[in-house]
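The values are calculated or read from the model by the stated rules, or taken from the named source; none is laboratory data. Computed from a predicted model, the values in this text were never measured in an experiment. Virtual Cβ from ideal backbone geometry, glycine too; neighbours counted across all protein chains shown. Remember, those area values only see protein heavy atoms, side chains included, never the ligands or the DNA or RNA. Shrake-Rupley method; radii C 1.70, N 1.55, O 1.52, S 1.80 Å.
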Amino acid sequence: MVARVSIVSLILLVAGGCGVQQPELADCTAYVAGGFRKIAEDRSQRFLGKVQEDTARCRGGEKAVALRGTPWTDWQNYWATADDSSKAPGPSGDHVHLSPNGRGIDGALLDLEYQRIELIKFNLFDNNGTYEQYVRGRAGADGPALKVWEQMRLAKSNPYYAAVGGDGPQLCRGELIRARTLTGICNDIRNPLMGSNGQLFARNVELDATFPELGNNELVKNRHGDRLGLQNPDPQVISRKLFTRIQSAPEKCNEGLGLPGNSPQASCDYKKAPFFNVLAAFWIQFMTHDWFSHLDEGHNDTQLMSTGCAAQLDGGVEKPLTPEQVKQLNCRPEDRIDKGYVAAGAQPATFSYGGKDYLSRAPKTTENKNTAWWDASQLYGFDDISRRRVKRDPKDPAKLLLLTERAGDAGGYLPVLQASDPMNPQWVGQEATAFPDNWSIGMSFYHNVFAREHNLFVDAFRKQTAATPDQDSGLRNPANPDRVIRYKDVSADELFEAARLVVSAQIAKIHTTEWTPQLLYDEPLDLGMNANWYGLLKDSPLVAEALEKVVVNNFGKSPDAKRATQWYSVFASGPGIFGLGNHVYADDPVFARFDPKKKDLWDIKNPDHVNGGVNHFGSPFNFPEEFVTVYRLHPLVPDLIEFRDLKRDANGIRAKIPVVETARGKATQAMHEGGLANWALSMGRQRLGLLTLQNDPLFLQNLPMPRLSSGSGKIDVVALDIIRDRERGVPRFNEFRRQYGLKPLRSFDDFIDPRLPKDSPERAEQQKLIGILREVYGQHRCDASKVITKAQRNDDGTAINDCLGHTNGTMVDNIEDVDVVVGMLAEFARPHGFAISETQFQVFILNASRRLFSDRFFTSSFRPEFYTQLGFDWVNNNGPEKMMEKGRPNGHEIEVMPLKRVLVRTIPELADELAPVINAFDPWARDRGEYYSLQWKPRKGAESDEAFKR
Ligand code: HEM
């Protein structure tokens, strides 16, 4: 247990000589004496990630002070938040947390936690009709403390209506609470409908800030004039000018189609991230297929619409494109796509409260056709139709059906869709699995890997059963809770469902502790993400102490439920979100860390124990539309995959295979030809595409879409990224940032990374791209009398107006009009090791925690009673037994990471290749260096790898 010492005394103790430079010491003391920042009462006073000058100096020295004037968050300039070069000079001393480096990292963690608290406080907006209660409260309880909603009851038409209580109070019980249900009902046992398929997407931005295209209020009109529309600025023109990968040798790329015979001489240029591999790109596509889908069985509404290639700005005026311009841009006016579904499009009801007017929902809503839970529904199904594609092994129905298609591959491969399976014509030849749309070699890879993992868990369970048939398996049936279920009593169905729980939890763990720390490759985020899983307090006692002070100062140890909700969000960073509430002690009913010395009172018969760990912060859980936006990550995908052969020579690139030739049915064929091991090696060694401008795959700009009877038979998927966001009313970039508690930009020039030397080639490239942004989005003469937002105010307290601080009447950039998918790629200034932009990250901070907080199976129902004891241990240990990594990667003693474990288990041929790999998403042949290095150099043994020659 860490001794409780106040931050002030700790900082003063540092004066005794633990590495603080004298001028900084005064700043540390000044900042500490000022006390902790208050959590904002009103959204216009939010934190915005910007700190006082003395705080910046204390945590990052003069460099951090110098960069305070930029719109970007300050923590990225603190000591030790990047690679070795970001560490303060001199020794750190014993008091690691008090050294400049420690202050930098702890400071960053504190800033991030402030952001999270305020995001939870200001950014939850439900579309289902509960928002009015959130604002007004209900029956004496404040809105953010509400836990149950009428709108989350099952309707009469639901087959389980009677089972959960019909017209009376609804409570899921018995069979319905044992495991993840097909449609996602009964995860929260008191809100059966929440997160199930077909529920409405939520919002993270104020409802009247959505759908700026509709010009529904004065602020929006002031912000955008009459410049916005579904087709304005023209999405295909944006795509061709701002998203296209420029080729140094176009003939070797052939628009992403490579050269005949998959010749290794083919080459498609793309900007590469040195610390993230192609497996990581497909991982996130695999995840999105679990979390959300606007499409139903691969299609949208029946009506078709244009996707642009019609007009562009010319001298500030929008003019139709001439045929020559169309040719030069290489866009296609005849492309058509099916319009997005709209669930409710009628004008929403309004209400007034506290002198303010509110919309009860966004002007239009759409449905998430998937379950919102992290339930591996892309593998196991989310409705009756998708479930019919999931094949179980008739020889052992606890298993998924795997057919051995390749000689020497003992693990087997998923079967291919049959004519009798529900499917679209475009899916012919693909593996039979629940979510078949936009199938790629990466989807084929992960679906096969996790099907194998499912079966390996079943094998381990069967082995345990054979060894100890009479032993308690840990499993319980809530309908008959006192009956001990011995290993030999577990039915095939029960084991199938337990394996699904295990696989889902492993996937969530991989995403949280392996994928995300590599996506955000620096020390604060590594600690932060692991804290979501394991708890923050164990390694960062000062942060924990400080957070507790922040919480007590702002919310108090009060019985007030609203305050308790906020309190919870922070306190949860103590024990970690995962497993929260899965132990109940007499003196610590919800937040307890596991303590083997205390008597655990958790009881499956008590609904408050089963459900007690979840918290929805007053707003039913579903993903917001804005979350889908920031997952539009198409630039990650390269055009060509560098195919390798594990047995012959891992260092050699034998073929360059176009990704488009490994899509849909061709993915399955390519998988069967190449085999899991070779595809793993190929995608594991290749760097993915940076999320930046002019870096979208050429093949996605020209994707064949035979299902649409359009003139071209193709679609520009990245132009579609823009149109879909506009259809769903995502605010444009600057207002999006304001809504999420980030500083807005004043002009396109703000995108340029302020840390770059004036004469660097990178700066010149950024300037060039900024020029194109200005050409595409244009400028206007500003009017300072027009107030454009209520989400934030200027630093001096005045309202933000159309001139954004520029002189009234001058020409200003149309920075307010920039689409989020464009703005997020234009953010050249990023924290170290961030594959995504800071704006995208802000959306993740909120929603990544929420999807853990809201899920009973990751919190209070993460118990052997549901997972079996073997399953519970399997998730905790990353497999049958715990394994530690050698050495101290990035300065930490760590367990072998979960995806690495899964890959070695499911594809044993990879054992040698993976031995030196720490994180399966870091390019496998890269030398990681000592501390968050981003260098692209080979590790020992991979010097001859051709990927390092260019
Ligand atoms: C071979 C690779 C890929 C193909 C062929 C592909 C294709 C597509 C297509 C055609 C759509 C448009 C659906 C529509 O709105 O009509 C789409 C949407 C989307 N894609 Fe991809 N994609 C690929 C990879 C990825 C990757 C790596 C990501 C990373 C997260 C991703 C994320 C998304 C998202 C978030 C959407 C929006 C889904 C929704 O509206 O519910 N895609 N993709």
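About its Cα centre, how strong a charge dipole does the range 838-950 have in debye, to the nearest 20, once Lys and Arg get +1 and Asp and Glu get -1 at the Cβ?
That gives a dipole near 220 debye.
Average the reciprocal distances over every distinct pair of alpha-carbons in the range 345-418, invert the result, and give the Kirkwood radius in Å.
For the range 345-418, the Kirkwood estimate is 16.8 Å.
With +1 on each Lys and Arg Cβ and -1 on each Asp and Glu Cβ, and nothing else charged, work out how big the dipole of the chain is about its Cα centre, in Debye to the nearest 20.
The dipole magnitude comes to about 640 debye.
Hey, how many Å between the Cα centroid of the range 434-486 and the Cα centroid of the range 627-669?
Cα centroid to Cα centroid, the span is 29 Å.
Can you give me the Cα centroid spacing of the range 670-711 and the range 489-534 in angstrom?
The range 670-711 and the range 489-534 have Cα centres spaced 26 Å from each other.
Rounded if a/c is under 1.5, else prolate if a/b beats b/c, else oblate: with a ≥ b ≥ c from the C-alpha gyration tensor eigenvalues square-rooted, which is the range 591-662?
Because a/c hits 1.5 or more and a/b fails to exceed b/c, the range 591-662 counts as oblate.
Once you order the gyration tensor axes a ≥ b ≥ c over the Cα atoms, which shape class does the range 341-478 get: rounded for a/c under 1.5, otherwise prolate or oblate by comparing a/b with b/c?
Oblate shape, in that a/c is at least 1.5 and b/c is the bigger or equal ratio.
Could you state the accessible area per residue of the range 761-825 in Å², with a 1.4 Å probe and every protein chain left in place?
Spelled out: the 1.4 Å probe surface of the range 761-825, per residue, equals 42 Å².
Given Gly411, Phe457, Ser440, which one lies farthest toward the positive end of the charge dipole of the range 393-487, if we put +1 on the Cβ of every Lys and Arg and -1 on the Cβ of every Asp and Glu?
Phe457
Pop out the Kirkwood hydrodynamic radius of the range 39-99 from its pairwise C-alpha distances, inverse of mean 1/r, in Å to one decimal.
So the Kirkwood estimate lands at 12.8 Å.
So what is the relative contact order for the range 44-130, in percent, with contacts set as C-alpha pairs under 8 Å and at least six apart?
28
Under the definition of Cα pairs under 8 Å and six or more residues apart, what whole-number percent is the relative contact order of the chain?
19
Over the range 624-675, what lengths in whole Å, largest first, do the semi-axes of the equivalent ellipsoid take, defined as the square roots of 5 times the eigenvalues of the alpha-carbon gyration tensor? Intermediate results must be reported in sequence, preceding the final value.
Values: eigenvalues 164, 39, 19 Å².
Here the semi-axes work out to 29, 14, 10 Å.
Hey, what do the phi angles of the range 775-788 turn into as Karplus ³J(HN,Hα) couplings, whole Hz, using 6.51/-1.76/1.60 and θ = phi - 60°, x for Gly and Pro?
Residue by residue, the range 775-788 yields 5, 6, 9, x, 9, 8, 7, 8, 10, 5, 7, 9, 7, 10 Hz.
Within the range 291-308, which residues have the backbone N less than 20 Å from the label spot 7 Å out from Gln328 along Cα→beta-carbon, could you tell me?
308
What is the magnitude of the charge dipole of the range 421-477 about its Cα centre, with +1 placed on the Cβ of each Lys and Arg, -1 on the Cβ of each Asp and Glu, and no other charges, expressed in debye to the nearest 20?
That gives a dipole near 140 debye.
Report the semi-axes of the equivalent ellipsoid for the chain in whole Å, largest first, where each axis is √(5λ) for an eigenvalue λ of the Cα gyration tensor.
Gyration-tensor ellipsoid for the chain: 38, 36, 31 Å.
Order Ser352, Ser360, Ser854 by their accessible area, 1.4 angstrom probe, all chains in place, largest first. Walk me through the intermediate numbers first.
Numbers: Ser352 70, Ser360 25, Ser854 0 Å².
The residues order as Ser352, Ser360, Ser854, largest area first.
Starting from the residue with the highest accessible area, list Leu193, Leu400 in decreasing order, probe 1.4 Å.
Descending order: Leu193, Leu400.
Find how many whole Å separate the alpha carbon centroid of the range 236-297 from the alpha carbon centroid of the range 744-771.
25
For the range 682-728, how big is the tail of P(r) above 12 Å, as a whole percent of Cα pairs?
71
Per residue, how much accessible area does the range 183-251 show when a 1.4 Å probe rolls over the protein heavy atoms, in square angstrom?
30
Taking amide H positions as placed 1.01 Å from N in the peptide plane, with prolines and chain starts having none, which residues 5 or more places from Arg392, or on another chain, fall under 5 Å of its amide H?
Correct list: Leu401.
Got the relative contact order for the range 445-546 handy, in percent, Cα pairs under 8 Å and 6 or more residues apart? Before the final figure, lay out the partial values.
Working: 60 pairs, mean separation 18.1, N = 102.
Relative CO of the range 445-546 lands at 18 percent.
How many Å² of accessible area per residue for the range 101-156, probe 1.4 Å?
Values: 1750 Å² over 56 residues.
On a per-residue basis, the range 101-156 sits at 31 Å².
Around Val660, with a cut-off of 9 angstrom between Cβ atoms, what is the net charge of the other residues, counting Lys and Arg +1 and Asp and Glu -1?
Computed value for this residue: -1.
When a/c reaches 1.5 or more, the comparison of a/b and b/c decides; with that in mind, is the range 778-863 rounded, prolate or oblate per its Cα gyration tensor?
In terms of gyration-tensor shape, prolate.
Can you send over the carbon and sulfur percentage of the accessible area for the chain, probe radius 1.4 Å, protein chains only?
Exposed carbon and sulfur together represent 53 percent of the surface.
How big is the convex hull of the Cα atoms of the range 286-415, per residue, in Å³?
Details: hull volume 33.7 nm³, N = 130.
Dividing the Cα hull volume of the range 286-415 by its residue count gives 259 Å³.
With θ taken as phi - 60° and the coefficients 6.51, -1.76 and 1.60, list the Karplus ³J(HN,Hα) couplings across the range 595-603 in order, rounded to whole Hz; mark glycine and proline as x.
Coupling constants for the range 595-603: 9, x, 7, 9, 7, 7, 9, 3, 9 Hz.
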